[in-house]
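To start, the structure under review is shown below, and the notes come after it.
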């Protein structure tokens, strides 16, 4: 169960953080306790040595005051009171043993040659630690001259020291296990706490992928990093939502704008087939079909153009363009249409104005604006096209005296397929201004509109020169 | 004139070859790239119309193979893709012109004929004549039945384009492209308005109406007498 859980989370960040935290915490504790243990064992050994030195000094003093007899008597008394744990010996300078007591447990402990040598060199005392075969504990031994001819030798079993350190060691080992778990728990808690924000973002993402795109991550001003993640995530969602909404709307519009001509084509074809069609009916049907198809192709092509222009798929051709020539040519193109509606085309142009760009795109931009200005104008109105260069900007303005655009429609007129109620009755596909805007954007420019209902509209294109 | 058509869509192939045969071409139709390439390498054609998306060997490869084998008759590429990149790729591979589906048949015919004119080196005549209407390109003068007609420069270009394609239908798109140098069609029917003016000057006083409208398709200049 637990192993399954661990396996499942083995790659999770919080699991890793927990394990690392527990390991580092435990290792640090082990290191600290080891240093502590080392010092404790050193201190106990020093205590034993102090004890032995005290004894040596005591016997040295006794030797001075009472001679060998007093020393011997004291040894016997002490050996009896200490029991078998401590042995006493008196040794001559050449190593022969004068007296030994309590040696039962220390058989085989000879006289150390090193000790004799050291004392021969006038050293005051000599310590050694030796193991005795058949005994678990080592012995700490002191040699020291108490007279010019006699060495006092005493050994004490380290059993008590070992026992004390052993308890201490066990205590440390016993502590390690709960310590590891405590560390793991703290680590887990900290990791969970730190990653809680991430988890919330994940939860929101899960809910969104199940379909609720309106969800947002709550920004709680907890930690800078997490808040930043949440904010970024939310901003990304806002953008995606806008895009999806736009795509939905566009899909609806495309479906509508494709469906209407298809319905007309299908309907007329059906009526012609079912009815007693004359040759004239069939010719009409064929002509109608071609016209409707051309409209459909135009919609598809224009949509592709908008998408490509916006995405910058077609790297723009860059060639010198004379804006003035393009405007004049567009006016020439629409001149007969304008005359039919008795609309006067007024141009306010400089001699010449050349910028770099794609000719076809610029033609399209100017044509679209001019076409709208004529289409939505009243009979006998005027269209004024002015081109100016101011500082580093080219300003193209197309003003009409037409029906104008209602204020509530103004923010939407550049959207694909958006058509005001007034323009629905007129032929068109509602993509002209979207394409115009996409082109202006591709030229790194901007397009603005001002309009007064029944007085006319004014479109202003600003391009970098 | 022998024409090789490589196109896998049978219905498209049917109307294209029907139209081309009516225009006087001997058409061989192949449905896949492999057969098409085989024919191109072994038969003396004057021009080919090649679709890009073909079974077995795709159109670009067919053209590449043809060109590397030294086959030099002009090729018109047909494609459903219309990005500039595709167009450039088609033309650099060895295609001579590029037409996007869906297309008007009149445009396909005009382009095929233009390719042939280019490859056979027959330059346009400096004097065009249709049913008593004479257009002199060098002096830029137009007269019908001996009477001079005053035309604006754009009207002159439009009439010249119609007369160069006399007897053949030209679409609005083709007129926009060749006369105005616009490769798109404004929503407003600007061509129609211009044609009306031209008709006024050329046909009003005559029984034989030369400029005819084929509804939905385009315009044609021809004499019915």
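Find, to one decimal place in angstroms, the Kirkwood hydrodynamic radius of segment B:127-221, where the mean of 1/r is taken over every pair of different Cα atoms and then inverted. Kindly include the intermediate steps, with their values, before the conclusion.
On the way: mean 1/r = 0.0742 Å⁻¹.
About 13.5 Å for segment B:127-221.
Taking the Cα-to-Cβ direction at residue A:47 and at residue B:141 and moving 7 Å from each Cα, how far apart do the two end points lie in nm?
Placing both labels 7 Å beyond Cα along the Cβ direction yields 13.7 nm.
Using only alpha carbon pairs under 8 Å that are at least six residues apart, calculate the relative contact order of segment B:127-221 and give it in whole percent.
Numbers: 113 pairs, mean separation 26.4, N = 95.
It comes to 28 percent, rounded to a whole number.
If I fit a long axis through the Cα atoms of helix B:84-93 and take the longest principal axis of the Cα atoms of chain B, what angle between them do I get, 0 to 90°, rounded to 10?
Result, in degrees: 70.
Among bridges DSSP assigns within chain B, what percent are antiparallel (round to 5)?
Values: 16 of 33 bridges.
Taking every DSSP beta bridge within chain B, about 50 percent pair in antiparallel fashion.
After finding the eigenvalues of the alpha carbon gyration tensor for segment A:224-374, what semi-axes result from the square roots of 5 times each, listed largest first in whole Å? Mind dumping the intermediate values first?
Details: eigenvalues 293, 210, 36 Å².
They are 38, 32, 13 Å, listed largest first.
Zone of residue A:319 (label point 7 Å along Cα→Cβ, backbone N under 18 Å): which residues in segment A:355-375?
A:355-367
Against the globular-protein guess of 2.2 N^0.38 Å, express the Cα radius of gyration of chain A as a ratio, rounded to two decimals. The partial results should precede the final answer.
On the way: Rg = 52.2 Å, N = 465, 2.2 N^0.38 = 22.7 Å.
Scaled against compact globular proteins, the figure is 2.30.
What is the ratio of the Cα radius of gyration of segment A:224-309 to 2.2 N^0.38 Å, with N the residue count, to two decimals?
1.88
Relative contact order of chain A, please, whole-number percent, based on alpha carbon pairs below 8 angstrom and at least 6 residues apart. Before the final figure, lay out the partial values.
Values: 558 pairs, mean separation 45.9, N = 465.
RCO, chain A: 10 percent.
Label segment B:2-120 by shape, choosing from rounded, prolate and oblate, from the square roots a ≥ b ≥ c of the eigenvalues of the Cα gyration tensor; if a/c is under 1.5 it is rounded, and otherwise prolate applies when a/b is larger than b/c, oblate when it is not. The partial results should precede the final answer.
Numbers: a/c = 1.18, a/b = 1.07, b/c = 1.10.
Rounded.
When the helices in the protein assembly as shown are scored as -39500 (n - 2.57) per DSSP H run of 4 or longer and the sum is shared across all residues, what 222 nm value do you end up with, to the nearest 500 deg cm²/dmol? Mind showing how you got there, number by number?
Working: 18 runs with 359 residues, N = 690.
Taken over the protein assembly as shown, the calculation gives -18000 deg cm²/dmol.
Suppose we take every Cα in segment A:315-464 and form the convex hull; what volume per residue is that in Å³? Please list the in-between numbers first.
On the way: hull volume 16.0 nm³, N = 150.
Measuring per residue, one finds 107 Å³ for the Cα hull of segment A:315-464.
Angle, helix A:279-311 long axis vs. longest principal axis of chain A, Cα atoms, 0 to 90°, nearest 10?
40
Where both partners of a DSSP beta bridge lie in the protein assembly as shown, what percent of those bridges are antiparallel, to the nearest 5? Intermediate results must be reported in sequence, preceding the final value.
On the way: 68 of 90 bridges.
For the protein assembly as shown, the DSSP antiparallel bridge percentage is about 75.
Taking the Cβ-Cβ separation of residue A:352 and residue A:441 as r and a Förster radius of 22 Å, what is the calculated FRET efficiency to the nearest 0.05?
After rounding, the FRET efficiency stands at 0.30.
Considering every residue in A:282-290, what mean count of other chain Cβ atoms within 10 Å of its Cβ is obtained? Mind dumping the intermediate values first?
Values: counts 0, 3, 2, 1, 3, 5, 2, 1, 7.
Average neighbour count from other chains, rounded to a whole number: 3.
Quickly work out the residue B:209-to-residue A:284 label distance, labels modelled 7 Å from Cα along the C-beta direction, and quote it in nm with one decimal.
That separation, rounded to one decimal, is 1.8 nm.
Based on the Cβ-Cβ distance from residue B:67 to residue B:126, what FRET efficiency comes out when R0 is 45 Å, to the nearest 0.05? Before the final figure, lay out the partial values.
On the way: r = 34 Å, r/R0 = 0.75.
Approximately 0.85, to the nearest 0.05.
Taking 7 Å along the Cα-to-C-beta vector as the label spot, tell me the residue A:199-residue B:119 distance in nanometres, rounded to one decimal.
7.4
Roughly what percent of Cα-Cα pairs across chain B reach past 25 Å?
Numbers: 11380 of 25200 pairs.
Within chain B, distances greater than 25 Å cover 45 percent of Cα pairs.
For an R0 of 56 angstrom, estimate the FRET efficiency from the Cβ-Cβ distance between residue A:94 and residue A:30 and round to the nearest 0.05. Please report the intermediate quantities before stating the final value.
On the way: r = 51 Å, r/R0 = 0.90.
With R0 = 56 Å, the Cβ-Cβ based efficiency is 0.65.
Using 0.36 nm times the number of residues separating residue A:270 and residue A:448, minus their current alpha carbon distance, what extension gain do you get?
On the way: separation 178, 0.36 × 178 = 64.08 nm, distance 4.59 nm.
Result for the pair: 59.5 nm of gain on full extension.
Could you grab the relative contact order for chain B? Cα pairs under 8 Å, six or more apart, rounded to a whole percent. Each step should come with its number before you reach the end.
Working: 343 pairs, mean separation 29.4, N = 225.
Contact order relative to length: 13 percent.
We did not get these values from a lab; they are worked out from the coordinates using the rules stated. What you see is a predicted model, and the numbers here were worked out from it, not measured in a lab. FYI the Cβ positions are ideal-geometry reconstructions off the backbone, even for glycines, and counts take in every protein chain you see.
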